[in-house]
Every structure is written in C-alpha cells, then in structure tokens.
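So the structure is just underneath, and the comments pick up after that.
Taken together, the values in this text are just the output of simple stated rules run on the coordinates, not laboratory data. Note that the structure is predicted; figures quoted are calculated from it, not measured. Note that we place each Cβ from the backbone using ideal geometry, even for glycine, and neighbour counts take in every protein chain shown.
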Amino acid sequence: MSVLVSNFINGQVVQSQSGRSADLFNPANGDLRGQVQLSSADEALAAVTVAKQAQEAWQATPPLQRARVMFKFKALLEENADELATLISTEHGKVHSDALGELTRGLEVVEFSCGIPHLLKGEHSLNVGREIDSYSLMQPVGVCVGITPFNFPVMVPLWMIPVALACGNSFILKPSEKDPSVSLKLAELLKQAGLPDGVFNVIQGDKEVVDALLESPDVAAVSFVGSTPIAEAIYSKGSANGKRVQALGGAKNHLVVMPDADLEGATNAIMGAAYGAAGERCMAISVAVAVGDETADKLVAMLKEKVEALRVGPGLGVSPENEMGPLVSEPHMNKVTEYIQSGVDQGATLVVDGRGINTSALGYFVGGTLFDNVTPDMTIYNEEIFGPVLSVVRAKDYQQALQLINEHEFGNGTAIFTRDGDTARDFSEKVEIGMVGINVPIPVPMAFHSFGGWKRSIFGPLNVHGNDGVRFYTRMKTVTARWPKGQRESEFVMPTMK
Ligand code: NAD
C-alpha cells in the first residue's frame with residue numbers, strides 16, 4: 001500500500017494543498033513506497049501562526065507540568081519502540097537494532113528534559129547593593145523550528161524537540177524528505193502524552209518551506225542539522241533575519257591508532273564506527289590515522305579480514321541480523337561509488353572494494369570499502385563521503401597525526417587509541433575538534449552534556465541538548481529589585497484611612 005506523508009498541524013494530520021510531492025523509496029529493495037508532500041511557503045507560515053498562538057498558554061504552564069508531558073512521552077516512546085525502529089529501517093535502511101539504538105539516544109534527551117524545573121531555576125543574588133536583590137529568569141524564546149537530516153530521523157529531532165518544549169516554546173519540525181514518516185509518529189505520541197494542540201507541528205517540504213520559516217518574523221530560533229553548505233546558508237540567512245541559529249554541519253572524523261594501542265580492540269572499534277549505519281553518521285570514523293608503518297601494516301591486514309566478512313543486506317526481516325544495511329537513496333549510492341573511483345584514480349590503494357556487492361536484495365547497497373595510503377591531497381580525504389568507505393592514512397609520528405586533524409576543515413569528532421595517558425591527555429588538550437574519544441571510537445556526548453563540533457562542523461555558538469540546549473531555547477532576563485520599606489510593626493487600634 002502506497003503511503004502519503006502529510007503535515008501535522010494543530011494536533012491533526014493535515015494534507016498539503018501545494019500539489020507538489022517527492023517520491024519515497026525503501027532503500028533495501030528500491031521499491032517506491034509512496035510520496036511525501038512538499039508544502040508551500042503559505043502553509044509553513046500558517047503553521048507558524050498556529051505555533052505562535054499555542055505557545056502563549058504553554059509558556060504559562062508550570063515547568064513541572066511540562067515535565068510530566070515529557071515523562072509520558074518517554075514512556076510512549078518506549079512502548080512504541082519496535083514500531084518506531086521499523087519505520088526508521090524501512091525508510092532509512094539501517095538495521096533494526098541500530099534504529100533502536102538511535103531511538104535510545106533520542107529518548108535520553110527526553111529523560112534530560114524531564115528535569116526542566118531544576119534546569120530553569122536561574123540565579124539569585126541577595127544584596128547586590130544595599131537592600132537590592134538580583135535574579136535571573138530563563139524564559140522561552142517563542143516559536144522554534146528544527147530542520148533535520150535523513151540519517152537520524154528520530155534521534156536528531158529529539159536532540160531539539162524535548163528541550164525546546166520543556167523550556168516552554170512551541171516547535172515546528174521540518175524533517176528530511178527522505179525518511180519523513182516517523183516524524184508523524186512522534187507528533188502522534190506527543191499528543192497522546194498530553195501536549196496541547198499546536199505546540200508541536202510538523203511541516204513536510206524542501207527549500208521553499210525552509211526559506212519561509214527563516215523569513216517569518218514570528219520564528220525566534222532555528223536548529224539545523226545537515227550538510228555543511230546548507231548549514232552555513234541557513235546560519236547566515238537566519239541570523240541576518242534576527243533569529244538565534246544553531247546549525248550543525250558535516251564531518252570527517254579521524255581515529256588515531258598509536259603503536260602502543262590494543263590493535264584488536266582498535267580494529268573492532270573502527271569496524272563499528274566506520275561501517276555501522278553504512279557510514280551515514282556524522283560521528284562515523286572515515287579516516288584511520290595509523291602512526292608508524294608497522295602499526296599501519298598490521299591494522300590494514302586486520303581490517304581487511306573483517307571488512308570482507310561484513311554481513312551486508314536489508315535492515316529488516318533477516319536472521320541473524322545484518323551488520324550493515326543499504327545507503328539511503330540511489331543518487332547517494334552513485335555518489336559514494338564515484339568517490340571510490342576517485343580514490344582509485346588519485347592513487348590510493350583500494351584494499352577492499354564494496355562496489356557491486358552481491359546481496360540478494362535489489363536495494364542501494366555498497367559494501368564495506370577500505371583504502372590504504374590515502375594522502376591529504378585526495379578528494380576522498382578532504383570531502384565527507386557519508387558511506388561505508390574508510391581511508392587509512394599513514395603518519396610518521398603522533399605530531400603529524402595531530403597536525404593532520406587540526407588542518408582538516410571539519411571538526412566534529414575524533415578519537416585516539418593508545419595505552420599512554422600522557423599522549424591521550426596531550427591529544428584531548430591540543431586537538432581542534434568538538435568531541436574527543438580516548439579509546440572510545442564514537443564519542444557522542446550523553447543527553448546531559450552538549451553535542452557539537454568545531455570549525456566548519458557547526459555555525460553558531462551553542463551546541464545541542466545538555467545545558468547549551470537549555471540556553472539556546474531560553475532567553476535570560478535579569479531582574480534587579482529594591483522594595484520600599486514595608487510596615488513591620490503591629491497596630492492595635494482599629495485601622496482607619498490615613
Ligand atoms: P542535507 O543538508 O541535504 O539536508 C538536511 C535538511 O536540510 C533536510 O531537512 C533538507 O530537506 C534540508 N535542505 C536540503 N537542502 C536545502 C536547501 N537548499 N535549503 C533549505 N533546506 C534544505 O543533509 P542530509 O543529506 O539530510 O544529511 C546528511 C548530512 O548531515 C551530512 O553532511 C552529515 O554529516 C550531517 N549531519 C550532521 C550532524 C551533526 O551533528 N553535525 C548530525 C547528523 C547529520
């Protein structure tokens with residue numbers, strides 16, 4: 001049965017009247033699943049009007065009651081975990097257990113938001129001057145917008161939605177048009193959790209909708225996660241229009257393997273970090289920097305064996321479960337295979353070639369691919385491939401490895417595998433990257449910390465979730481107060497007008 005993915009406005013599924021739509025595919029078999037509607041600018045602005053009206057009463061709702069909605073939402077996400085993960089796998093392609101993992105990481109932000117009464121307490125100083133007190137209020141910003149990528153259709157929206165809502169804002173989600181179905185399920189569960197209509201809305205669409213939201217004077221804050229060129233454009237446009245914007249972009253994450261590392265442990269860690277979700281993770285490891293030729297030779301040999309043994313196939317309905325599913329779309333699959341060819345053309349050593357992998361399914365599959373002898377002048381080193389392609393770069397020593405990472409334009413995540421505390425400490429201090437792992441391959445911060453990169457992996461000063469998320473979705477107001485002397489003595493005569 002063909003699906004038609006529509007909008008969710010003011011507590012109801014509403015069909016767009018724009019007449020525009022995009023095809024939706026199941027990447028595991030290439031089947032046309034249906035369409036997602038591409039809404040018009042006017043429909044986006046109508047959603048803003050709804051969100052603005054609903055926000056007033058929601059802001060006035062005590063934080064504890066807002067937190068209770070989040071508690072119920074968390075329970076509903078857990079109850080519906082299998083359905084949510086199946087929807088993710090069907091449109092994104094990742095294997096079911098990985099989709100459940102994505103849901104868990106999103107759910108943790110909902111849990112964090114349950115503590116919102118504590119997080120919104122602000123500061124208080126007694127006697128900043130004689131008999132003058134000062135205190136801060138953390139007030140919601142108003143209507144917030146989230147524009148999210150295809151690779152985490154639940155986790156990335158949940159980096160934003162629970163924090164924004166718990167802080168007393170309303171929210172409009174513009175999901176990726178590649179895997180939008182699950183956004184409507186999130187909307188349904190929020191409604192079921194008791195969120196008043198209009199506080200959370202979903203608008204499907206493309207640039208037309210995004211531009212309208214960025215231009216609306218009633219939108220206060222925009223959170224974007226996606227590729228760097230779009231992140232940069234959204235940051236510029238949103239900021240120029242007076243909005244606060246956090247725009248998280250692309251990545252090229254390096255993992256350094258020192259000669260003293262536990263090579264077996266490092267190899268296993270690299271396998272999951274490079275090939276999990278077919279490399280379609282902003283924290284995926286796409287470059288392994290082996291320090292010293294001996295380390296590199298051993299690492300490449302160990303990786304080769306494991307990459308060749310990867311179980312690649314559909315993300316659903318296969319037992320035992322595959323380790324890696326398909327890429328999200330046919331154009332993306334073609335782009336990844338072009339990158340592989342460019343690596344060959346530019347002189348890298350293709351150790352395992354994932355092109356033309358033989359799975360019994362007809363979807364958008366590229367097998368695990370491994371390059372050795374990749375150098376910083378190659379396209380496969382400089383650009384984000386967003387596929388199951390790992391490049392091994394050989395560095396002569398630790399300093400060269402560090403310099404490589406610091407000179408790369410992206411700064412999302414990195415990791416070092418070593419047994420030496422001094423090297424690890426130096427690395428964590430000197431590396432110009434936002435999220436650093438020490439013997440941890442994918443150092444995604446937990447919900448109560450904040451997630452964000454450096455350099456061209458983020459535009460805007462505040463990261464998502466954790467304390468930064470609360471700061472992003474609130475405006476601080478500082479009140480300085482002096483009261484006239486009150487009456488402190490009792491009067492025992494009948495009060496009369498004085
Ligand atoms: P994308 O930039 O193509 O799309 C992201 C969102 O922007 C989607 O909702 C899309 O509809 C919208 N969009 C696309 N073109 C637009 C335009 N011209 N104007 C306005 N909106 C537009 O990204 P994607 O392919 O969906 O996701 C993959 C990218 O996201 C990768 O680069 C990955 O590194 C990045 N990503 C980054 C993080 C992070 O935390 N830094 C997390 C997840 C994904």
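Shown here: segment 253-438, whose C-alpha atoms stretch 49, 34, 30 Å along the first, second and third principal axes, sorted largest to smallest.
A DSSP coil position with no more than 16 other Cβ atoms inside 10 Å describes the following trypsin sites (Lys or Arg not before Pro) in segment 344-429: Arg355, Lys396, Arg419. Taken about its Cα centre, the chain carries a charge dipole of roughly 1920 debye when the Cβ of each Lys and Arg holds +1 and the Cβ of each Asp and Glu holds -1. Our estimate of slack between Gln192 and Thr61, defined as 0.36 nm per intervening residue step minus the Cα-Cα distance, is 45.4 nm. For the chain, the share of DSSP beta bridges that are antiparallel, to the nearest 5, is 40%. Centre-to-centre, using Cα atoms only, segment 207-226 and segment 419-453 are separated by 32 Å.
When Leu84, Leu32 are arranged by Cβ crowding within 10 Å, least crowded first, meaning fewest neighbours, the order is Leu32, Leu84. For the chain, the longest principal axis of the C-alpha atoms and the axis of helix 96-113 are separated by about 30°. Shown in residue order for segment 123-135 are the 3J(HN,Hα) couplings computed by the Karplus curve 6.51 cos²θ - 1.76 cosθ + 1.60 at θ = phi - 60°: 10, 9, 10, 8, 6, 5, x, 5, 6, 10, 10, 9, 8 Hz (x for Gly and Pro). Rounded to two decimals, the Cα radius of gyration of segment 210-322 over 2.2 N^0.38 Å is 1.53. Reported to the nearest whole Å, the Cα centre-to-centre distance from segment 247-261 to segment 172-186 is 30. An ellipsoid equivalent to the chain, defined through the eigenvalues of its Cα gyration tensor, has semi-axes of 44, 29, 19 Å when rounded to whole angstrom and sorted largest first.
By the helix-only formula, in which each DSSP H run with n ≥ 4 contributes -39500 (n - 2.57) and the sum is divided by residues, the chain has a 222 nm mean residue ellipticity of -12000 deg cm²/dmol.
Listed from fewest to most Cβ neighbours within 10 Å, the set Phe8, Phe224 follows the order Phe8, Phe224.
Measure nothing fancy, just the Cα-based angle from helix 155-166's long axis to the longest principal axis of the chain, in degrees from 0 to 90, nearest 10. That works out to roughly 10 degrees.
If you find the alpha carbon centre of segment 102-133 and of segment 319-335, how far apart are they in angstrom? Taking the Cα centre of segment 319-335 as reference, the centre of segment 102-133 is 41 Å away.
Considered as an equivalent ellipsoid built on the Cα gyration tensor, segment 403-498 has semi-axes of 56, 16, 12 Å, the largest given first.
Do any trypsin sites (Lys or Arg not before Pro) in segment 1-77 lie in a loop, going by DSSP, with at most 16 other beta-carbon atoms within 10 Å of their beta carbon, and if so which? Walk me through the intermediate numbers first.
Values: sites: Arg20, Arg33, Lys52, Arg66, Arg68, Lys72, Lys74; in loops: Arg20.
Counting only loop positions with at most 16 other Cβ atoms within 10 Å, the trypsin sites (Lys or Arg not before Pro) in segment 1-77 are Arg20.
One decimal place: the segment Val3-Val493 gains 168.5 nm when fully extended, by the rule 0.36 nm per residue minus the C-alpha distance. The value of relative contact order for segment 253-438, using C-alpha pairs under 8 Å at least six residues apart, is 28 percent. With only Cα atoms counted, segment 163-250 has Rg and Dmax values of 13.4, 38 Å. Principal-axis analysis of the Cα atoms of the chain puts helix 398-407 at an angle of about 60° to the longest axis.
In a fully extended conformation the segment linking Gln341 and Met476 would gain 43.4 nm over its present Cα-Cα distance, using 0.36 nm per residue.
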